[in-house]
Amino acid sequence: MTDSSSTPIKVGIIGAGGRMGRMLIEAVTQNPQTQLAAAIERSGSSLVGVDAGELVGLDKNGVALSDNLEAELSKIDVLIDFSLPDSTEKNVQLCAQHKVAMVIGTTGLSEAQQQALDSACEQIPVVYAGNYSTGVNVSLKLIEMAAKAFGDTADIEVIESHHKHKVDAPSGTAFMMANAAAEARGQNLKEVAIYGREGQTGERKPGSIGIHAIRGGEIIGDHSVMLIADGEMVEIKHHARERMTFAAGAVRASTWIVSQPAGRYDMQDVLGLK
């Protein structure tokens, strides 16, 4: 792995022409510890061949967008992937074969894709997180503390809001928050999660965790966790105001992961919150 104290971390970006990809290009360029070495776009994209720096309004950097990930892997230390589940599954396999570390922000992975990721993590180090914001990860720690303190005396509800273009619901961050609460109470989220309560009759089931998704407009990402006890309520909120927060966090994770042994990590590991 590259020694980040002496030479910049060489970073590759999947989906470089998309909204998140362009922000990642900016974030990599702005971070003194990283250098953009590869920018990957889908096959057939009109952006293939375009200079990545010019694409985002910066100076030319000599990195042309490519549609061949495998050909670019020898140039990089770490690949940042915020794409779609099927694409990420293929990218993970290629990175494992070529021993390239990964930072993954793709949400909505199936159980089979999660298992494929776990297998790859036996060969390479991977940061996989539903959210790379520092504030969200601090919130997760607070949720864990609050859920453990209240135990079964508080009902827990998770509400998330995102823009109308988001393809998965609930968000990966909502799952992370609900899971943090469940694990703090010794629960399995799959057994206690209730989604939206459509058609539900009768009282709220004790110990359940409600998860609700709102979609509309251009909301970047709002999350709220309510711990509702008799006579009092604690609410832990996080509001994202710009997407660059997530991009900068992912780049921060890329500088950390390259010096780690093979394994699966998350942003809590990167921030030293565990």
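The values are calculated or read from the model by the stated rules, or taken from the named source; none is laboratory data. Keep in mind that what you see is a predicted model, and the values were worked out from it rather than measured. In this analysis, Cβ positions are derived from the backbone assuming ideal geometry, glycine residues included, and neighbour counts consider all displayed protein chains.
Remark: pairs (first residue in the stretch 201-216, closer than 20 Å to Arg185 by Cα and assigned by TED's automatic domain parsing to the domain that holds Gly151; second residue aromatic (Phe, Trp, Tyr) and in a strand (DSSP E or B); Cβ separation under 7 Å; 6+ apart in sequence or on different chains) = Ile211/Tyr195.
Given the condition surrounded by 24 or more Cβ atoms within 10 Å (Cβ to Cβ) and among the polar types (S, T, N, Q), answer yes or no: does some residue in the stretch 111-131 qualify? Checked the stretch 111-131: at least one residue is surrounded by 24 or more Cβ atoms within 10 Å (Cβ to Cβ) and among the polar types (S, T, N, Q). Filtering Ile156, Ile143 for residues that are within 21 Å of the chain's Cα centre (by Cα) and either surrounded by 19 or more Cβ atoms within 10 Å (Cβ to Cβ) or assigned by TED's automatic domain parsing to the domain that holds Ala253 (or both) leaves a single hit, Ile143. When the stretch 239-258 is limited to residues that are at pLDDT 95 or above and of a type in the set (A, V, I, L, M, F, W, C), the one that is farthest from the chain's Cα centre (by Cα) turns out to be Val258.
Inside the stretch 208-223, residues that are over 30 Å from Val28 (Cβ atoms) and out of contact with any Asp or Glu (no Cβ under 6 Å at 6 or more places or on another chain) make up a count of 6. Every condition in (1) touching a helix residue (DSSP H, G or I) at 6+ places or on another chain (Cβ under 7 Å); (2) crowded, with 16+ Cβ neighbours inside 10 Å; (3) not in a strand (DSSP E or B) holds for Lys148 except the one numbered (2).
Is it the case, given these coordinates, that Gln115 is in a helix (DSSP H, G or I) and at pLDDT 95 or above?
Yes, satisfied.
Only residues that are modelled with pLDDT under 95 and surrounded by fewer than 19 Cβ atoms within 10 Å (Cβ to Cβ) were counted across the stretch 219-238, and they come to 1.
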